[in-house]
Amino acid sequence: MATYSTNEFRSGLKLMIDGDPCAILDNEVVKPGKGQAFNRIKIRNLKTGRVVERTYKSGESVEAADVMDTDLQYLYNDGEQWHFMHPETFEQMAADKTAVGEAHLWLKEQDMCTVTLWNGNPLAVTPPNFVVLSVSDTDPGLKGDTSGGGGKPATLETGAVVQVPLFIAIGEDLKIDTRTGKYVSRAKD
Amino acid sequence: MGTGKDASKGDGYDAFRIDLWKPSASFEIIKLRAETLRQIRAFFDKNEVLEVDTPVLSCATVPDPFIESFQTRYLPLTQTMQTEEYYLHTSPEFPMKRLLASGSGSIYQISKVFRQGESGRKHNPEFTLLEWYRDGWDHHRLMSEINHLLLTVLSPYIELSETQFVSYADVFQSFCGINPHTVSKTELLACVEKLGLADVLEEHEHRDRFLELLFSHNIEPSLGIEQNQTGKKPCICFLYNYPASQASLAKTVMHNDQLIAERFEIFINGMELGNGFHELNDESEQRNRFANDNQDRKVMGLNEIPMDENFLQAVDHLPECAGVAIGIERLLMIMSQSKHINEVIAFPFERA
């Protein structure tokens, strides 16, 4: 079992805490001039996304979490699972609903995604920062209105609903920022 | 070459890369350090406290189980002689007390000190300590001089509320609702559990560890901050009368039927700045404390530290005196409102 000592703590380090893989966001050494030192860490639970604080006596060791990020190509969804493939080894991998989470709104076939693996199994899926998706449904566009002043909802091919300018029509390709879930622009050819 | 960028700015960083060969402190703060040291020296000059210089390298060191010294080896030129172990000092306390015991009168020193493992937002393994001793004074008189010096140095840079003097017992009473001198282990366990710190220490550990845990998590962050209706304002806070078990090198006395240590610490804005004592001048008591420290080290699996006989033989000759050590980098952090100690050191550990 791999472990990390408190003096190896730094942000980004992955630890097993209460049976869940967690990532350190912040590490603070609390060391009085005289007396016991502590490491106070802020951690994100990689399964639930919750952020909590923990304190360890300096010098203690904590079990390491076998967590790594890999870039995989999204292939298809079979109704239950999302399938990904390594672009060089062609090894395939399936992620369930918990791992994919909100990312399913932005997954387009052939796109490269970051899949976080825990003990070799998908733990989380992060879509690219920007994706191009086509509009499957929206109210008819208003001719001549290119001001972008108003807005209307549009349903994209993945099922995601985003606010778009009034001039956008069905079938158009749009660039979306997946981190904010917001429309950026029309996709340029 | 000549891309139009102003290379003379030297702010330590460029947009995309941290150049480790450049200083992490700005020249503004490098100048602030020089100016602060100048002011401190002027203060002691005016008050007729003698500046002294004692060895950084010593054959013995402090046995405190929570302070680890850097160790190094002296290699004699003749190969028939054995190499000798030396330590880099963690504070100039022992040789300064040898000077006091020899009749130096009041003295001060500004020196680099070294502590293993202490690295982080408020720590650098090598740092600058201002240490001074007042011959014939007790710690209360020294606290008022420290207050005077800190106000002189800090006032041009930050606005401070009125200085606070509070006892260790008072802060534990008001923040945790316990008397730290008499509280039972059971109450301490309940108290740490209430704060979500239940698993940090094991039940069998010394009660001082629990007090240190409560102090560092629940009390220290609020010390040196005055809170009123208009908001928060920093102030100097002196915390005194520590438990006798945390006396370190301070005298202990009976106070309200309780044995307490005549020790104090200084806080500003939730950060410790220094530690001081009404100095213990009883050799046999000092030997006992060192022996206990070494015993604790053994239990913790740490190496035993050789007794500093040069220091121990001076202890009985030490006059009544009070002394304090203040971290210069912490002081500069307060003055410049820096979040990280690296902002006040030209080349911190990672760049050294």
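The values are calculated or read from the model by the stated rules, or taken from the named source; none is laboratory data. As the structure is a computational prediction, the values presented were derived from the model and not from experiment. All Cβ positions, glycine included, derive from the backbone under ideal geometry; neighbour counts span all protein chains shown. Surface areas here come from the heavy atoms of the whole protein model, side chains and all, with no ligands, DNA or RNA. Shrake-Rupley method; radii C 1.70, N 1.55, O 1.52, S 1.80 Å.
Work out the FRET efficiency for residue B:226 and residue B:337 from their Cβ-Cβ distance, taking R0 = 22 Å, and round it to the nearest 0.05. Mind showing how you got there, number by number?
Values: r = 17 Å, r/R0 = 0.77.
My answer for the efficiency is 0.85.
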* Structure fact -> Once the dipole of the protein assembly as shown is set up from charges on Cβ (+1 Lys and Arg, -1 Asp and Glu), the residue from the list A:161, B:198, B:81 lying farthest towards its positive end is A:161
* Kirkwood-based shape ratio for chain A, expressed as Rg/Rh from alpha carbons -> 1.13
* Positive dipole terminus of segment B:226-352, leading residue within B:306, B:270, B:321 (C-beta point charges) -> B:270
* Where a ≥ b ≥ c are the square roots of the eigenvalues of the C-alpha gyration tensor, would you call the protein assembly as shown rounded, which needs a/c under 1.5, or, failing that, prolate if a/b is larger than b/c, or oblate? -> prolate
* Spin-label point model (7 Å from Cα, Cβ direction): what's the residue A:51 to residue A:129 distance in nm? -> 2.0
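With the convex hull built on the Cα atoms of chain B, state its orientation-averaged projected area in nm².
On the way: hull surface 95.0 nm².
The number I arrive at for chain B is 23.8 nm².
Of the accessible area of segment B:227-331, with the probe set at 1.4 angstrom, what percent is carbon plus sulfur? Spell out each step's value before the answer.
Working: 1970 of 4460 Å².
Its accessible area is 44 percent carbon and sulfur atoms.
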* **Unit charges on C-beta of K, R, D, E only; dipole of the protein assembly as shown, Debye** => 1140
* Structure fact -> At R0 = 56 Å the Cβ-Cβ FRET efficiency linking residue A:108 and residue B:121, nearest 0.05, sits at 0.85
* Asked: According to a simple spin-label model (label point 7 Å from Cα along Cα-to-Cβ), what is the distance in nm between residue A:155 and residue B:350?
  -> 5.0
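Taking beta carbons within 10 Å but only from partner chains, what does the mean come to for residues A:55-63? The partial results should precede the final answer.
Working: counts 10, 2, 6, 3, 4, 1, 0, 0, 0.
Taking all residues of A:55-63 together, the mean is 3.
Viscosity 0.692 mPa s, temperature 37 °C: Stokes-Einstein D of segment A:1-46 from its Kirkwood Cα radius, in µm² per second?
Working: Rh = 11.4 Å.
Estimated diffusion coefficient is 289 µm²/s.
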* **Average partner coverage of B:195-204, which counts Cβ from other chains inside 10 Å** => 3
* For the pair residue B:182 and residue B:75, how long in nm is the line joining their label points, each one 7 Å along Cα→Cβ? -> 6.1
* To do: Quote the convex hull volume per residue of segment B:98-187, based on C-alpha atoms, as a whole number of Å³.
  => 214
* When the helix-only estimate is applied to the protein assembly as shown (DSSP H runs of n ≥ 4, each -39,500 (n - 2.57), divided by the residue count), what is the mean residue ellipticity at 222 nm, nearest 500 deg cm²/dmol? -> -6000 deg cm²/dmol
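In Å², nearest 100, what accessible area do chains B and A bury in total when the solvent probe is 1.4 Å?
Working: alone 18580 and 11160 Å², together 28000 Å².
In total, chains B and A hide about 1700 Å² from solvent.
Is any helix in chain B, taking whole DSSP H runs, at least 15 angstrom long along its axis by alpha carbon and on average at least -1.0 on the Kyte-Doolittle scale, and which ones?
Numbers: long enough: B:27-46 (28 Å, -0.14); B:139-154 (21 Å, 0.44); B:283-299 (24 Å, -2.41).
Going by DSSP H runs, the hits are B:27-46, B:139-154.
How much length, in nm to one decimal, is gained on full extension between residue B:151 and residue B:112, taken as 0.36 nm per residue of separation minus their Cα-Cα distance?
Contour length minus the Cα-Cα distance gives 11.7 nm.
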* Quantify how strongly other chains surround peptide A:25-32 by giving the mean number of their Cβ atoms within 10 Å of each of its Cβ atoms. => 5
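Once the Cα gyration tensor of segment B:217-300 is found, what semi-axes does its equivalent ellipsoid get, as square roots of 5 times the eigenvalues, in whole Å, sorted largest first? Write down the numbers at each step before the final one.
Details: eigenvalues 192, 45, 24 Å².
In descending order, the three semi-axes are 31, 15, 11 Å.
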* If you roll a 1.4 Å probe over segment A:147-189 with all protein chains in place, what percent of the accessible area is carbon or sulfur? -> 50
* To do: Counting other Cβ atoms within 10 Å, keep those with at most 15, restrict to DSSP loop, and tell me which GluC sites (Glu not before Pro) in segment A:10-64 are left.
  => A:60
